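Below is one structure, written out as C-alpha cells; comments come after it.
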Amino acid sequence: MSEGERSREGANTAAPPGFKSGFVAIAGRANVGKSTLMNHLVGSKLSIVSAVPQTTRFPVRGVLHRDTCQVVFIDTPGIHKPRYLMNREMVHLAVRVLKEVDLIAVLVDASEGFGPGDRYVFDLLKDAGAPCFLILNKVDLMPRERLLPLMDEAGQGGRFAEIVPLSALTGENCDRLERLIIERMPAGPPLFPPDMLTDLPQRLARAEIIREQGFLQTRQEVPHATAVMVETIEKREDGLTRLDATLFVDRDSQKGILIGEGGRMMKAIGTASRRALESFLGGRVHLSLWVKVKEGWRDDTSLLRLIGLPLS
Ligand SMILES: Nc1nc2c(ncn2[C@@H]2O[C@H](COP(=O)(O)OP(=O)(O)OP(=O)(O)O)[C@@H](O)[C@H]2O)c(=O)[nH]1
Ligand SMILES: [Mg+2]
C-alpha cells in the first residue's frame, strides 16, 4: 500500500454521522478526456493530459473532499488494442479498476459519436457489477441539436444509470455530475486525510510532469516510445529542489528527435518541465535530463515496474 493510501477497512478517521464515501472509476477509450475530467472534478492537475491517445499509463487516484462526502476518483488508462506488454498492462489495470469501485463513469467523445472502441468498452462494463454513468464529453465541440439524438441512442437498452453531457475542458455541467455521483455514494467514513488529494508516489508524480512535456512537444511515435524515470529528488535547505531524470526511448532515431537540432528539443522539454515542476512544488527547481536508448523497454517488466506499471 503506497504512502497515505487508506482502505475502507483501514480508515482511521472517525466517520461523522451521515458521512458518505466511495470509489468512482473514470473509464473509456483513449483520448476521450478522462484525465481532464478527473482533474476538473478534484480541482487540481493530478493526472497528465495531452492530445495524444494513451497518455495515462496507470490508474491515478484523485480525492474530492466535501463536508459530508469523500469521493475517490480513479482515472484509468484508455482502453485500446495493445501492441506491447506495457499496453497490455495498461488495459489490464484499467479493466481491473472497473471491478473494484462503487460507480463507473464511462466517457465518450460526444463530438465524434459512438465508435467501435466505445462499444468495446460498453461490453466490458457488463462484467463490472457497479452502476455506470455515461458521460458525453466534449459537448463544447458540437452543435447542440446533435446532443439529443445521441442521448436517445445511448439510452437504448437502459444500461446506464445516468447519461450526463458535459465539457471537462470548460467545466460545463460538471457540477451536475458531481451531485449525481455524491447521491450514489454509500455511507462510509473518510478514506483519505482531509488535505490529501492523491496517493501517487512523489517520484512518479514528478516523472509524469516531465513525461507530459514530452507528449506535448513531440510527434508521431516518439511520445509513445518515451518513458521517464526520476532518479534523484533532493530538497535543499535554501528551498531549491534538485531533480535528475532519464528519458528512455526505444531507438536511436527517437533519441535524435528528443534531443533535437543543437539540443533544442531537450532544452524546450527541460524548460517547460522545470516551470511546471516549479509551479506544482511552489519553489525553485534545478532539473537535469538525460536521454537513453533502451530498445524494447515497453516489453521489459523491470523497467515497466520502475515507471509505475505494477504488472500484477
Ligand atoms: N474541446 C474539448 N477538449 C477536451 C475536453 N476534454 C478533454 N479534451 C481534450 O482531449 C484531449 C485528451 O484529453 P485527456 O484528458 O488526456 O484524455 P484521456 O481520456 O485521459 O486520454 P488517455 O489517457 O490517452 O486515455 C486533450 O487534448 C484535452 O484537452 C472537452 O470537454 N472539450
Ligand atoms: Mg488520461
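Things to note:
- Number of residues in region 280-292 that are modelled with pLDDT of 95 or more, open to solvent by 60 Å² or more (accessible area, probe 1.4 Å) and of a type outside the set (Lys, Arg): the value is 2.
- Which listed residue is over 22 Å from the mean Cα position of the chain (by Cα) and open to solvent by less than 50 Å² (accessible area, probe 1.4 Å), from ASP199, ASP238, ASP250: ASP250
- Here the condition is being among the acidic types (Asp, Glu) and over 26 Å from GLU89 (Cβ atoms); of GLU295, GLU237, it holds for GLU237 alone.
- Number of positions in region 257-270 that are without any contact (Cβ under 8 Å) to a residue 12 or more places away in the chain and open to solvent by 40 Å² or more (accessible area, probe 1.4 Å): 4
- Within region 78-111, the set of residues being in a helix (DSSP H, G or I), in contact with a helix residue (DSSP H, G or I) (Cβ under 7 Å, 6 or more places away or on another chain) and open to solvent by 20 Å² or more (accessible area, probe 1.4 Å) comprises LEU85, VAL95.
- Residue-level analysis places GLY43 outside the set of residues that are buried (at least 24 other Cβ atoms within 10 Å of the Cβ), more than 25 Å from GLY115 (Cβ to Cβ) and more than 9 Å from ligand 2 (Cβ to nearest atom).
The values are calculated or read from the model by the stated rules, or taken from the named source; none is laboratory data. Here the structure is a predicted model, which means the values were calculated and not measured. A quick note on method: Cβ atoms are made from the backbone with ideal geometry, for glycine too, and the neighbour counts reach across all protein chains shown. Keep in mind that these areas ignore ligands, DNA and RNA; they rest on the heavy atoms of the full protein, side chains included. Shrake-Rupley method; radii C 1.70, N 1.55, O 1.52, S 1.80 Å.
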